Amino acid sequence: RVTLKLNHGSLEAGFSVTLQVGNDGAAPTAEISGGLPTAPSLKAVYLRWQAAYRQLGVPTRISINPTGFATNVSIVGDCHALADELKAAFNQWLRSESFRPIQEKLLESLTPTDSIRLVLQTSNDIVQRLPWHLWAICDRYPKLETALSAPTYEQSVSTAVPPRQNVRILAILGHSEGLDIE
């Protein structure tokens, strides 16, 4: 389990970042701090991509007008181009010098055959919406899955319920025609 905590900050002000690496259900075996710099242009690219995506409308297929020509090809192309631009800007941000110690610790701690859960903890809604699955480091680890988490949480204590001796039936639904229900 890899936990990436983006502590107080924003794309306009930057973030302090803490990385924790360890096994699920156990205390982290490694922890390192770093930072992510300001990236106001990343937010702008994300908002442009989001607007282009929303312009695609409900039908996602290419529409043909009565003359036989496709009418929304450029809109789809614009969306793909902006998605590529967003991916490039996102990975450029994550290649920053202040974030390098975190990437190096990841590369040092993980192997490509590991099943990895990358948990991103942040309260920043734009950062939560960024394409974390497209982070260049994810290409090295085919069994990596990304997840979002609140920056603060509390583990709940589960109370085990003992199994019942008898099965309890709430209702039986069906048609009784041809059956002896007595």
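The values are calculated or read from the model by the stated rules, or taken from the named source; none is laboratory data. Here the structure is a predicted model, which means the values were calculated and not measured. Here Cβ is always computed from backbone atoms with ideal geometry, including for glycine, and neighbour counts include all displayed protein chains. Surface areas here come from the heavy atoms of the whole protein model, side chains and all, with no ligands, DNA or RNA. Shrake-Rupley method; radii C 1.70, N 1.55, O 1.52, S 1.80 Å.
Structure data summary
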item: Distance between modelled label sites at Glu182 and Leu134, nm, 7 Å Cα→Cβ extension; result: 7.1
item: Qualifying lysines (Cα of each under 24 Å from Cα of Lys143; at least 8 residues distant if same chain); result: Lys5, Lys87, Lys105
item: Over segment 68-165: Kirkwood hydrodynamic radius from C-alpha pairwise inverse distances, Å; result: 17.0
item: Fraction of accessible area attributable to carbon and sulfur, segment 70-182 (%, probe 1.4 Å); result: 52
item: Per-pair calculated FRET efficiency, R0 = 41 Å: Asn23 and Asp84 via Cβ, rounded to 0.05; result: 0.70
item: Nearby aspartates and glutamates by direct alpha-carbon distance to Lys43 (threshold 13 angstrom, same-chain neighbours under 8 apart not counted); result: Glu12, Glu85, Asp125
item: The chain: relative contact order as a whole-number percent, Cα under 8 Å and 6+ apart; result: 22
item: Cα gyration tensor, the chain - rounded (a/c under 1.5), prolate or oblate; result: oblate
item: Residues Ala44 and Glu108, FRET efficiency given R0 of 25 Å [Cβ-Cβ distance, rounded to 0.05]; result: 0.15
item: Rounded to 5, the percent of DSSP beta bridges in the chain classed as antiparallel; result: 60
item: Euclidean distance between Cα centres, segment 1-50 to segment 111-144, Å; result: 10
item: Sparse-neighbourhood loop sites, trypsin sites (Lys or Arg not before Pro) in segment 130-182 - DSSP loop, at most 15 other Cβ within 10 angstrom; result: Lys143, Arg164, Arg168
